[in-house]
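K.L.:
Let me begin by handing over the structure; questions about it come next.
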Amino acid sequence: MNTHPSAQDPDQQPHYVGFWLRVVATIIDSLLVSFLVYPLLYTFGALDPVAAGSGGLLALLLNFVLPAVAVILFWIYKSATPGKMVVGAAIVDAKTLGRPSTGQLIGRYLAYYLSTVVLMLGFLWIAFDRRKQGWHDKLAGTVVVRVSG
């Protein structure tokens, strides 16, 4: 499967990836992160930050910083996380359908928090939006499209 989003025919209307496929991709990504992070948390005694004392900072790094860096790097180099690759999806710039800038991708990740904070409405928005954009996509100027392969 071709994972480069700009391989899509520019004369053809993009096929936006909807809510349920993105849920599947998120489940896959969450499982992968869990398989990587939980053994590290267990190994370093940081599963319970209160009991681990200084493990609080380590738990923060392993639970939030490591996944954020991994996701953003996947987005930069592959235009998708492993879950999005499995479902044949890629993140592209909403205007050009080309690769988003690094700034757009970092902004998209930070906007996940906004999509989450109001009862997850920013993610539910994908189900009803014409271009299947969540709030994080709208704020970053991105869309998620099917990758022809």
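K.L.:
Can you confirm whether the range 99-111 contains a residue that is more than 30 Å from Gly45 (Cβ to Cβ), in contact with a Gly (Cβ under 7 Å, 6 or more places away or on another chain) and charged (D, E, K, R)?
P.N.:
no
Here is a yes/no grid of residues against (1) of a type in the set (S, T, N, Q); (2) over 21 Å from Leu21 (Cβ atoms); (3) at pLDDT below 90; (4) touching a His at 6+ places or on another chain (Cβ under 8 Å):
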site	(1), (2), (3), (4)
Thr43	yes, yes, yes, no
Ala51	no, yes, yes, no
Leu60	no, yes, yes, no
Ala68	no, yes, no, no
Gly83	no, no, no, no
Leu97	no, no, no, no
Arg130	no, no, no, no
Trp135	no, no, no, no
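K.L.:
Oh, and also: For residues that are in contact (Cβ under 8 Å) with a residue 60 or more places away in the chain and assigned to a helix (DSSP H, G or I), tally how many sit in the range 83-122.
P.N.:
So the count comes out to 3.
K.L.:
Given the condition out of contact with any helix residue (DSSP H, G or I) (no Cβ under 9 Å at 6 or more places or on another chain) and not in a strand (DSSP E or B), answer yes or no: does some residue in the range 70-77 qualify?
P.N.:
So far as the range 70-77 goes, yes, one or more of its residues are out of contact with any helix residue (DSSP H, G or I) (no Cβ under 9 Å at 6 or more places or on another chain) and not in a strand (DSSP E or B).
K.L.:
Would you say Gly56 is among the small types (Gly, Ala, Ser) and either assigned to a helix (DSSP H, G or I) or without any contact (Cβ under 8 Å) to a residue 12 or more places away in the chain (or both)?
P.N.:
yes
K.L.:
Condition test on Ser79, is it hydroxyl-bearing (Ser, Thr, Tyr) and touching a strand residue (DSSP E or B) at 6+ places or on another chain (Cβ under 7 Å)?
P.N.:
yes
K.L.:
Quick one: which of Lys95, Lys84 is under 19 Å from Ile27 (Cα atoms) and among the charged types (D, E, K, R)?
P.N.:
Testing whether each residue is under 19 Å from Ile27 (Cα atoms) and among the charged types (D, E, K, R) leaves just Lys84.
The values are calculated or read from the model by the stated rules, or taken from the named source; none is laboratory data. These figures come from a predicted structure and were not determined experimentally. Positions of Cβ are generated from backbone atoms using ideal geometry, with glycine treated the same way; all protein chains shown enter the neighbour counts.
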